[in-house]
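The values are calculated or read from the model by the stated rules, or taken from the named source; none is laboratory data. Quick caveat: nothing in here was measured; it's all calculated off a predicted structure. Virtual Cβ from ideal backbone geometry, glycine too; neighbours counted across all protein chains shown.
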Amino acid sequence: QKEVEQDPGPLSVPEGAIVSLNCTYSNSAFQYFMWYRQYSRKGPELLMYTYSSGNKEDGRFTAQVDKSSKYISLFIRDSQPSDSATYLCAMRPSNDYKLSFGAGTTVTVRA
Amino acid sequence: EAGVAQSPRYKIIEKRQSVAFWCNPISGHATLYWYQQILGQGPKLLIQFQNNGVVDDSQLPKDRFSAERLKGVDSTLKIQPAKLEDSAVYLCASSHSGQETQYFGPGTRLLVL
């Protein structure tokens with residue numbers, strides 16, 4: 001079993017739709033949870049970062065962490081064609097900066 | 001602020017050949033990471049440097065991979081000899097010490113034939 005499992009996708013949605021992305025994990029030591037966005041042939045860029053359980057909102061993006069279920073989500077509201085990318089979840093324990101990544105979900109937003 | 005620079009962007013080699021990748025992190029970033037991203041997978045950490053010292057190389061295949069960060073600035077990752085399964089994108093990232101955000105370079109896309 002992989003340490004981090006991510007819904008494989010791909011997802012194709014119309015412009016303006018809500019995109020929901022999910023990851024599950026097995027390591028209960030994970031405390032920091034991140035979402036990275038990776039455009040084609042580019043390196044990942046940090047999109048959202050949360051510590052422990054709870055919600056965090058940044059503009060059209062909302063990250064949720066449920067540590068009791070070992071489940072994290074990213075929601076993109078009012079999706080735009082520019083949101084078309086691969087989204088990677090990543091996480092780490094509190095005492096180690098080594099990130100464990102999911103495999104990524106590729107999202108296409110159709111104009 | 002200039003981003004993380006990597007070269008070359010693409011490399012095609014035959015198996016058993018050697019190859020080297022170069023990374024120049026963001027100025028002032030003490031921590032440097034090399035990741036391997038195989039198609040359809042998330043990045044996997046190969047090695048982490050803090051200044052010119054190795055913090056974690058537990059997932060580096062040391063029989064064929066080596067990395068150095070002389071003078072604590074730019075870094076080189078080498079593969080010798082390459083295998084077919086080394087075909088991947090090699091990503092370099094850097095961060096301030098103790099800071100969460102890792103800034104990634106564009107990667108070097110390696111194809112081993």
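Here are some notes:
- Residues that are in contact with a strand residue (DSSP E or B) (Cβ under 6 Å, 6 or more places away or on another chain) and among the hydroxyl-bearing types (S, T, Y), drawn from the range B:28-73: B:T31, B:Y33, B:Y35, B:S66
- In the range B:99-113, residue farthest from B:S7 (Cα to Cα) [restricted to those that are within 11 Å of another protein chain (Cβ to nearest Cβ) and surrounded by 15 or more Cβ atoms within 10 Å (Cβ to Cβ)]: B:Q102
- Hey, A:Y87 within 14 Å of chain B (Cβ to nearest Cβ), of a type in the set (F, W, Y) and either buried (at least 20 other Cβ atoms within 10 Å of the Cβ) or not in a strand (DSSP E or B) (or both) or not: yes
- Residues in the range A:8-37 that are among the polar types (S, T, N, Q) and either modelled with pLDDT under 95 or not in a strand (DSSP E or B) (or both): A:S26, A:N27, A:S28, A:Q31.
- Matching residues, the range B:54-98, being surrounded by fewer than 14 Cβ atoms within 10 Å (Cβ to Cβ), at the interface with chain A (Cβ under 9 Å from one of its Cβ atoms) and in contact (Cβ under 8 Å) with a residue 24 or more places away in the chain: none
- Consider the range A:1-27 and keep the residues that are away from chain B (no Cβ under 11 Å) and charged (D, E, K, R). The one that is surrounded by the fewest Cβ atoms within 10 Å (Cβ to Cβ) is A:E15.
- Taken over the range A:28-50, the criterion of being touching a strand residue (DSSP E or B) at 6+ places or on another chain (Cβ under 7 Å) and more than 9 Å from chain B (Cβ to nearest Cβ) is satisfied by A:A29, A:F30, A:Q31, A:F33, A:W35, A:R37, A:Y39, A:L47, A:M48, A:T50.
- Candidates A:T105, A:T62 - the one that is within 14 Å of another protein chain (Cβ to nearest Cβ) and β-branched (V, I, T): A:T105
For (1) in contact with a Lys or Arg (Cβ under 9 Å, 6 or more places away or on another chain); (2) more than 10 Å from every other protein chain (Cβ to nearest Cβ); (3) surrounded by 14 or more Cβ atoms within 10 Å (Cβ to Cβ); (4) at positive phi, each residue gets a yes or a no:
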| site | (1), (2), (3), (4) |
| --- | --- |
| B:I13 | no, yes, yes, no |
| B:V19 | yes, yes, yes, no |
| B:Y35 | yes, no, yes, no |
| B:I38 | yes, no, yes, no |
| B:F49 | yes, yes, yes, no |
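- With respect to the conditions (1) buried (at least 17 other Cβ atoms within 10 Å of the Cβ); (2) outside any strand (DSSP E or B), A:S40 falls short on a single one, namely (1).
- Some residue of the range A:69-82 being surrounded by fewer than 16 Cβ atoms within 10 Å (Cβ to Cβ) and within 14 Å of chain B (Cβ to nearest Cβ): no
- Test for B:V73: is it modelled with pLDDT under 95 and touching a Pro at 6+ places or on another chain (Cβ under 8 Å): yes
- Looking across the range A:92-102 at every residue that is part of a strand (DSSP E or B) and within 11 Å of chain B (Cβ to nearest Cβ), the one that is surrounded by the fewest Cβ atoms within 10 Å (Cβ to Cβ) is identified as A:R92.
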